[in-house]
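First the structure, in the form of structure tokens, and then the observations on it.
Derivation of every value follows stated rules applied to the coordinates shown; laboratory data play no part. A quick note: this is a predicted structure, and the numbers were derived from the prediction, not measured. Neighbour counts run over all protein chains shown; Cβ positions are idealised from the backbone, glycine included.
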Amino acid sequence: MTGHCILSHGLRSGPEARKVTALAQAAQALGWSHERPDYKDIDAALEGRDVARRLDRLLECVRRAPAPVVLAGSSMGALISGEASLQVPVAGLFLMAPPVRMPGHDYVLRAAKVPMRVIHGWHDELIAAKDVVDWCAERSAPLLLLDDNHRLEAHVDAIAGEFARFLTSLTQEARA
């Protein structure tokens, strides 16, 4: 099995960002197609607070994508990926620096019960590692904690490798 990956960037980032580019390369090397929606126009308009418009754009991509679909996202991209997984069928979720709870915001991360991997930085200045550990524990979701901050810039290659292992595991599960 191969499928289609939709890679959603975080705020103050874009589809050309190093992390989503590395994930796209990992997917392509395994024969998965991919796309990287651009949310910069939405983020600029309302300082990243328009979660609904971001989610609508992601859902449009999922609905026209070939199945199976894997959603991957960083920060706000993780938030909308989790929310989208509750509305459309997805084969898996790969969430980086997920905003499980954010001070000053009234939303929390929700996600379907699908195969999942979570990557987070111990020194994330926006989202406490403990909150992510607790969120993952409630779901028995595999979690990789890295010696990094919110942007996870020091571990892009390791994250791309983890993404490749995740896609490979989905392929193997589909064959079993």
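Structure remark: mean-square fluctuation, Gaussian network model of the chain, C-alpha springs under 10 Å; the largest value among Lys40, Lys113, Lys130 belongs to Lys130.
Taking only Cα atoms and a 10 Å spring cutoff, compute GNM fluctuations for the chain and point out the largest among Arg151, Arg36, Arg64. Its mean-square fluctuation being the largest, the pick is Arg64.
Footprinting exposure proxy ranking of Met96, Met76, fewest other C-beta atoms within 10 angstrom first, gives Met76, Met96. Projected label points at Gln28 and Glu173, each 7 Å from Cα along the beta carbon direction, are separated by 2.6 nanometres. Normalised by the number of residues in segment 6-175, the mean separation of alpha-carbon contacts (under 8 Å, six or more apart) gives a relative contact order of 20 percent. Of Trp32, Trp122, the sequence from fewest to most neighbouring Cβ atoms within 10 angstrom is Trp122, Trp32. Out of all Cα-Cα pairs in segment 6-175, roughly what percent, to the nearest whole number, are more than 26 Å apart? The calculated P(r) of segment 6-175 puts 19 percent of pairs beyond 26 Å. Output the antiparallel fraction of DSSP beta bridges having both residues in the chain, as a percent to the nearest 5. Once the DSSP bridges in the chain are tallied, antiparallel ones form about 5 percent. At full extension, Arg12 and Leu145 could sit 45.6 nm farther apart than now, given 0.36 nm per residue minus the alpha carbon distance.
The loop-placed GluC sites (Glu not before Pro) in segment 17-92, going by DSSP, that have at most 12 neighbouring Cβ atoms within 10 Å of their Cβ come out as Glu47. Arranged from fewest to most other beta-carbon atoms within 10 Å of their beta carbon, Ser169, Ser13, Ser140, Ser8 become Ser140, Ser169, Ser13, Ser8.
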